[in-house]
Amino acid sequence: MSPRSPSVNEELRRRSRERLLQATVDLVGEHGYEATTLGHIADRAGAARGLVSYYFPGKRQLLQSAVHRLMHRTLDEGLEREPRTEDGHERLARAIDAILGLALDEPLLMRTHMAGILQAEGFVQCPEQQRLAELLRDTVVRYGSQDPDRDYPLLRALLMGAVFALLIPGGAPMPLETLRAELFQRYDLDWKLGVPPDGAPPDGISMKAG
């Protein structure tokens, strides 16, 4: 049997890494961070335990990469859904709705992710985080930003703040409609863009006319 080519080996490594990331999202979303071990993740992914350590220095870094991958994929699907559009305002609205929707769909996973970011290690610089950053930066460019190096980090911070407000544990989370309206008002977006919730905007929120 001839040895595998470098390209085949690279594809096998990519698939192994993807399986580990997906297994992490599934298990942490189902059972929580503390109840999920690296051994559980390896078993779910059908991989050797040592392979996890080969790709990731620890469980927290693995989780961040896994969630960044999920966010990137969710955001990409939201931006490119039919009917496809190049309109910058519509794409920004879709981006906001995609991230807020993910917080509602995966509250345990996203709450755990936010808690990890607030710890000492902060953001993990990984390919998944870089792809997410590129997609959000491209969104503000298409929206018409004249200074994306300033406006992208601001959008990221506003989205993180909105996700945190949706997921405050044991407190009084803010309603999705209120957070969405505030973000849409800031960016002068029509309420009907993106994937609007049922009903009208919250009372007291001034929205751009349709």
Taking the condition surrounded by fewer than 16 Cβ atoms within 10 Å (Cβ to Cβ), closer than 30 Å to Gly161 by Cβ and hydroxyl-bearing (Ser, Thr, Tyr), does Thr74 pass? no
Testing Glu30 on (1) under 26 Å from Ala133 (Cβ atoms); (2) out of contact with any Gly (no Cβ under 6 Å at 6 or more places or on another chain), one condition comes back false. Which one is that? (1)
I need a count of the residues in the range 146-165 that are open to solvent by less than 20 Å² (accessible area, probe 1.4 Å) and either more than 19 Å from Gly116 (Cα to Cα) or over 16 Å from the mean Cα position of the chain (by Cα) (or both). 1
Condition check: open to solvent by 60 Å² or more (accessible area, probe 1.4 Å), within 30 Å of Thr178 (Cβ to Cβ) and within 21 Å of the chain's Cα centre (by Cα). Does His68 satisfy that? no
Give me the pairs: first residue in the range 138-163 and within 18 Å of Leu102 (Cβ to Cβ), second residue among the polar types (S, T, N, Q) and surrounded by 17 or more Cβ atoms within 10 Å (Cβ to Cβ), beta-carbon distance under 8 Å, and six or more apart or on different chains, which are they? Leu155/Thr139
I'd like to check something: does the range 98-111 contain any residue that is over 29 Å from Ser16 (Cβ atoms) and either in contact with a Ser or Thr (Cβ under 8 Å, 6 or more places away or on another chain) or not in a helix (DSSP H, G or I) (or both)? yes
Might you check whether a residue that is modelled with pLDDT under 95 and of a type in the set (A, V, I, L, M) occurs anywhere in the range 79-91? no
Output the residues belonging to the range 12-36 that are of a type outside the set (Gly, Ala, Ser) and farther than 21 Å from Cys126 by Cα. Glu30, His31, Glu34, Thr36
So Leu12, is it of a type in the set (A, V, I, L, M) and open to solvent by 50 Å² or more (accessible area, probe 1.4 Å): yes
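Residue by residue, here is whether (1) in contact with a Gly (Cβ under 6 Å, 6 or more places away or on another chain); (2) open to solvent by less than 20 Å² (accessible area, probe 1.4 Å); (3) among the aromatic types (Phe, Trp, Tyr) holds:
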{"residue": "Asp43", "(1), (2), (3)": "no, no, no"}
{"residue": "Leu79", "(1), (2), (3)": "no, yes, no"}
{"residue": "Arg84", "(1), (2), (3)": "no, no, no"}
{"residue": "Ala95", "(1), (2), (3)": "no, yes, no"}
{"residue": "Leu102", "(1), (2), (3)": "no, yes, no"}
{"residue": "Phe123", "(1), (2), (3)": "no, no, yes"}
{"residue": "Glu134", "(1), (2), (3)": "no, no, no"}
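The values are calculated or read from the model by the stated rules, or taken from the named source; none is laboratory data. Note that this is a predicted model, so its numbers are computed, not measured. Heads up, the Cβs are rebuilt from the backbone with ideal geometry, glycines too, and the neighbour counts pull from every protein chain shown. Side chains included, ligands, DNA and RNA excluded: accessible areas come from the protein's heavy atoms. Shrake-Rupley method; radii C 1.70, N 1.55, O 1.52, S 1.80 Å.
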